[in-house]
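Engineer: Supplied in structure tokens, the structure appears directly below.
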């Protein structure tokens, strides 16, 4: 089995999984921005289960902060750790090439043969270390992201949906309002996704902010967290359809009685946390995919290296073939690494006042007038509304 063949064989799978990972990191960052900016609204009328709502909300919010620092922070630190092995891999391949070149001239050079085998052994070890780092992310999801966070979101959603069940609320109208809000969210998210994809493709930084809906009364509904800037692009929120749809949401909200407005606000809060839980599951699947793809590379590379190592112990080894294979392998490694292994997406948070109706210049002015910080710092220091319970 040739070493270069294994890299060529798995390059597409690695690329696909890591592209998916980049998109999912972008997606979860926008949702988490929305979650962290969503506060528990003070209703017109407190529901009978208000204490349960408060307890579930504070637990869910606490879990989100823990998730940010225990899991998301690791997602940000693991890619640079993995990428740091690139120089090591290149150096090992290059030295193995040099030793095989020496052995072409003198097959009996014991020192060159020992160094070649040492290089091959260290390539295997380095691949294993790459997978250990990725597995660490998997474990973080399993231990926290796929258990604690979804459970907290589920509890919050349940108590929010149960609020006002003893009142004659218009659930059909509430569902229609929530549907309209979600459609408006998706329109804006689509703009942000375009920025995100374009930026991720060139490994540029993204700037995330919160697009506020505007006042809807005591139950202010945060609309969406979104990437407002990337590479050379700044989002424009002044599209006529966005403004028309925002007006329609306001009108539908005003048509609800006060109990139904309160119910809509609490249900929307629960739904926002549930979206984060859903995106966490999707991101976990991406991390699993990366791990599986790289484990397949490691397994096949190990087998191929073992074949080469075994061949060097035999008399009459074709070191020209070994040399050619290693040169091809290094070329494939550089190709795989440059195209696929750039897992890192630099996401910053900005506390500017972003709202529907703003032009790209307005958005840019807000970004420039406010400080952008790394995303974990942004989440941990997000300024909450004074109405927060």
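Engineer: Outside any helix (DSSP H, G or I) and at pLDDT 80 or above - does that describe any residue in the stretch 112-132? So that I can check it myself, show each step before the final result.
Structural biologist: To start, the set of residues in the stretch 112-132 that are outside any helix (DSSP H, G or I) comprises none.
No, that holds for no residue.
Engineer: Please determine, by comparing only the residues of the stretch 225-268 that are within 25 Å of the chain's Cα centre (by Cα) and part of a loop (DSSP other than H, G, I, E, B), which one is surrounded by the fewest Cβ atoms within 10 Å (Cβ to Cβ).
Structural biologist: Going residue by residue through the stretch 225-268, those that are within 25 Å of the chain's Cα centre (by Cα) are 225-237, 268.
Still in the list and also part of a loop (DSSP other than H, G, I, E, B): 231-232, 235-237.
Numbers: 231: 15, 232: 9, 235: 22, 236: 16, 237: 21.
Top of the filtered list is 232.
Engineer: Would you check which residues across the stretch 87-109 are farther than 14 Å from residue 312 by Cα and free of Cβ contacts under 8 Å to residues at least 60 places away in the same chain and list them?
Structural biologist: 87, 88, 91, 92, 95, 98, 105
Engineer: Further, regarding this structure: When you check residue 72 against the structure, is it assigned to a helix (DSSP H, G or I) and within 30 Å of residue 290 (Cα to Cα), yes or no? I'd like the intermediate steps shown before the answer.
Structural biologist: Working: assigned to a helix (DSSP H, G or I): yes; within 30 Å of residue 290 (Cα to Cα): yes.
Yes.
Engineer: Additional query: Take residue 56 and decide whether it is assigned to a helix (DSSP H, G or I), over 28 Å from residue 188 (Cα atoms) and in contact with a helix residue (DSSP H, G or I) (Cβ under 7 Å, 6 or more places away or on another chain).
Structural biologist: On the way: assigned to a helix (DSSP H, G or I): yes; over 28 Å from residue 188 (Cα atoms): yes; in contact with a helix residue (DSSP H, G or I) (Cβ under 7 Å, 6 or more places away or on another chain): yes.
Yes, satisfied.
Engineer: Also: So, residue 102, is that one closer than 22 Å to residue 119 by Cα and modelled with pLDDT of 85 or more or not? I'd like the intermediate steps shown before the answer.
Structural biologist: Details: closer than 22 Å to residue 119 by Cα: yes; modelled with pLDDT of 85 or more: yes.
The answer is yes for residue 102.
Engineer: Would you mind finding the one in 277, 292 that is touching a residue at least 12 places away in the same chain (Cβ under 8 Å) and either surrounded by fewer than 17 Cβ atoms within 10 Å (Cβ to Cβ) or out of contact with any helix residue (DSSP H, G or I) (no Cβ under 9 Å at 6 or more places or on another chain) (or both)?
Structural biologist: Values: 277 fails: either surrounded by fewer than 17 Cβ atoms within 10 Å (Cβ to Cβ) or out of contact with any helix residue (DSSP H, G or I) (no Cβ under 9 Å at 6 or more places or on another chain) (or both).
Answer to the check: 292.
Engineer: Using the structure shown, decide if residue 30 is surrounded by 20 or more Cβ atoms within 10 Å (Cβ to Cβ), in a helix (DSSP H, G or I), in contact with a strand residue (DSSP E or B) (Cβ under 7 Å, 6 or more places away or on another chain) and modelled with pLDDT under 85. Reasoning before the result, please.
Structural biologist: Working: surrounded by 20 or more Cβ atoms within 10 Å (Cβ to Cβ): yes; in a helix (DSSP H, G or I): yes; in contact with a strand residue (DSSP E or B) (Cβ under 7 Å, 6 or more places away or on another chain): yes; modelled with pLDDT under 85: yes.
Here the answer is yes, as residue 30 does meet what is asked.
Engineer: Also, I was wondering about something else. Out of the stretch 143-159, which residues are in contact (Cβ under 8 Å) with a residue 60 or more places away in the chain and not in a helix (DSSP H, G or I)?
Structural biologist: Correct list: 146 only.
The values are calculated or read from the model by the stated rules, or taken from the named source; none is laboratory data. These numbers come from a predicted model, not from an experiment. No Cβ is skipped: glycine too gets one built from the backbone with ideal geometry, and neighbour counts run over all protein chains shown.
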